[in-house]
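The values are calculated or read from the model by the stated rules, or taken from the named source; none is laboratory data. Predicted model only: the values in this text are computed from it and were never measured. As a convention, Cβ positions derive from the backbone with ideal geometry for all residues, glycine included, and neighbour counts pool all protein chains shown. Ligands, DNA and RNA are excluded from the accessible area calculation, which covers all protein heavy atoms including side chains. Shrake-Rupley method; radii C 1.70, N 1.55, O 1.52, S 1.80 Å.
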Amino acid sequence: MQLPPIATTTIGSFPRPSWLAATERSRVIFRLDGAALQEAQDDATRLNMQTQEQIGLDLLTDGEQRRTGFINHILEAFDGIDLVHEGRKGIYRRRAQERSVPRVVGKIKRRRPAIVDDLRFAKAQTGKPVKMAVPGPMTVIDSTLDETYRDEAAMAMDIAAALNQELRELQTAGCDALQIDEPAMTRYHENVFEYGARALDRCLEGIEVPTIVHLCYGYPGGLGQQHEYEYPELLTELMKTKIGGFAVEFARSGYDPAVLSICKGRLILFGCVDPGDTPVPPLTGVVERVRMALKYIEPKNLLLAPDCGLMTIGRDLAEAKAKLLVDAAKELRKSI
């Protein structure tokens, strides 16, 4: 994968056009079905990728225009998970809150490809590199109700084996970079040490293209800091794995980029723009934040990104925030 120094990308999602879907926080409700829905998703993906190219992003995604959310689109391709008859989960994202979630009703296995055709369509729209994302094992566990395993470590390894099959096929189909979304890792450090790091490595068996794990700090529109942990011990542990790099968030968190000294030699997707419904920040502030990161990460290993996905905000605002990344990268390249 050939990228310029201080490249630009996004975490993955962009807003869906209003004619395609309505979005309620992080859940998408499509307005069509059947062949009409597929045609509309094709059109939305094509339009979104053209927009990313026009903005000037270096590493594109398909905008996740086909997904109702970042987890269930993948789980639809797995056996052992009931997405129709959901259950109630009392502890969700480490907070006591009742949520309806998919139920784990049998051994988890990959039944069919989940996003391989999505990748092929996306690759046909551009000559630029394309990144695709899947949810990680710990996040699947946190976002489902286990009625079968009663053993998180065993469940994590089965999820990882299923994801590994998907990642291998994405690699074979020409995916340029792979991302594993693991917000649960930032909330359950003890589980990372117990089995999460091992499950991440299982996901990566046989994978040779660049890989990123997204360590989400908190979702747009969330209730401030959504967990009690910070990055240092987590990054230290994950540096022992085969992961190629980290997507880490600094715009909302206010974390000191000095923590990136732990990650020398790995790729960094540096979250430097708030993906929520806030005004576009000044270019000078973003440039200064990135300059601090460049004290610890070589330009060739640094990619600028929003903190998280852009799907929860309006299209104009999302595009303006993506364009800000491109403008910041252009400014920063003048001095390297």
Subject >> Hits in segment 275-307 (condition: surrounded by fewer than 18 Cβ atoms within 10 Å (Cβ to Cβ), polar (S, T, N, Q) and modelled with pLDDT of 95 or more) >> reply: Thr284
Original post:
Based on what the data block shows, is Leu57 over 21 Å from the mean Cα position of the chain (by Cα), open to solvent by less than 30 Å² (accessible area, probe 1.4 Å) and in contact (Cβ under 8 Å) with a residue 40 or more places away in the chain?
Top reply: no
**OP:** For segment 79-89, indicate whether the set of residues that are open to solvent by 60 Å² or more (accessible area, probe 1.4 Å) and part of a loop (DSSP other than H, G, I, E, B) is non-empty.
**Re:** no
Subject >> Residue count for segment 94-131, restricted to those that are surrounded by fewer than 17 Cβ atoms within 10 Å (Cβ to Cβ), acidic (Asp, Glu) and modelled with pLDDT of 95 or more >> reply: 1
Original post:
Taking only pairs six or more apart or across chains, which ones have beta-carbon atoms under 7 Å, a first residue in segment 294-319 that is over 13 Å from Gly63 (Cβ atoms), and a second residue that is open to solvent by 10 Å² or more (accessible area, probe 1.4 Å) and part of a strand (DSSP E or B)?
Top reply: Asn301/Leu267; Leu303/Leu267; Thr312/Thr23
